[in-house]
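These notes concern the structure reproduced below.
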């Protein structure tokens with residue numbers, strides 16, 4: 001296997017490990033490799049850092065009183081027996097991973113499952129390579145909080161709108177793409193969107209992209225909004241998160 005192919009496989013495998021989608025056997029095999037593979041350890045840290053900002057997408061939700069004790073009991077049952085380190089001259093000390101800390105899971109317990117699956121699909125199927133996006137936006141349907149689109153930006157002047165599925169547009173209607181920063185007086189149209197088709201846009205005529213900037217898709221007449229402002233219902237909406 002070529003070195004580049006091996007790197008891509010390890011990158012994807014590390015992402016699945018961080019997301020917790022590996023089977024128990026696969027996870028055991030991965031963790032055995034992880035102990036002595038610095039490159040794999042770095043890949044895991046990179047994935048942890050990439051996913052961490054998305055706990056800002058939704059407000060945390062307090063779990064029920066019995067949930068965390070159950071999780072703690074499960075962790076205790078899986079914890080290996082104590083190792084006698086007296087005979088070890090320099091026993092290794094390793095800080096717990098971000099994704100292994102109970103406190104972290106408490107903090108992100110409000111993150112929508114759809115958003116998590118979305119990020120997994122996007123990042124695993126389209127590896128980021130050497131360029132990490134500066135900003136990401138998950139566009140959710142207000143009615144049910146399901147993820148429909150993602151906006152990613154490798155820099156503050158260019159964005160890419162990526163569909164995560166299909167959307168049925170009624171006859172005589174179209175989707176229009178909008179954005180608005182916090183200090184703007186009104187939203188600005190970024191054009192019409194074909195359902196299921198990605199688009200790449202330059203923001204040369206707008207201020208640079210910023211954290212918390214609003215993006216939305218509204219349902220408008222076939223030729224777009226007649227007023228230059230959103231007039232139809234919001235189908236998908238989200239705010240930019242700086243990576």
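A single entry from 22, 40 fulfils the requirement of being in a helix (DSSP H, G or I), surrounded by 11 or more Cβ atoms within 10 Å (Cβ to Cβ) and at pLDDT 65 or above: 40. Of all residues in region 165-202, those satisfying the criterion of being over 18 Å from residue 238 (Cα atoms) and in contact (Cβ under 8 Å) with a residue 40 or more places away in the chain are 169, 170, 172, 173, 174, 202. Does residue 145 fit the bill of being modelled with pLDDT of 90 or more and surrounded by fewer than 16 Cβ atoms within 10 Å (Cβ to Cβ)? No; evaluated as a whole, the condition is false for this residue. Residue 197 passes every criterion in (1) at pLDDT 80 or above; (2) part of a loop (DSSP other than H, G, I, E, B); (3) in contact with a helix residue (DSSP H, G or I) (Cβ under 9 Å, 6 or more places away or on another chain) apart from (3). Return yes when residue 158 is under 24 Å from residue 243 (Cβ atoms) and within 17 Å of the chain's Cα centre (by Cα) and no when it is not. So residue 158 fails the test. In the set (1) surrounded by fewer than 17 Cβ atoms within 10 Å (Cβ to Cβ); (2) within 22 Å of residue 142 (Cα to Cα), the condition left unmet by residue 225 is number (1).
Here residue 35 does not qualify as farther than 22 Å from residue 134 by Cα, modelled with pLDDT of 65 or more and surrounded by 12 or more Cβ atoms within 10 Å (Cβ to Cβ).
Given the criteria part of a loop (DSSP other than H, G, I, E, B), surrounded by 17 or more Cβ atoms within 10 Å (Cβ to Cβ) and without any contact (Cβ under 8 Å) to a residue 60 or more places away in the chain, does residue 207 qualify? It is false that residue 207 is part of a loop (DSSP other than H, G, I, E, B), surrounded by 17 or more Cβ atoms within 10 Å (Cβ to Cβ) and without any contact (Cβ under 8 Å) to a residue 60 or more places away in the chain.
If only residues of region 220-240 that are assigned to a loop (DSSP other than H, G, I, E, B) and either in contact (Cβ under 8 Å) with a residue 60 or more places away in the chain or under 17 Å from residue 149 (Cβ atoms) (or both) are counted, the one that is nearest to the chain's Cα centre (by Cα) is 240. Screening residue 217 against (1) surrounded by 15 or more Cβ atoms within 10 Å (Cβ to Cβ); (2) not in a strand (DSSP E or B) leaves a single unmet condition, (2).
The values are calculated or read from the model by the stated rules, or taken from the named source; none is laboratory data. Model, not experiment: these values are computed from the prediction. Quick reminder, even Gly has a Cβ in these numbers, built from the backbone with ideal geometry, and neighbours come from all protein chains shown.
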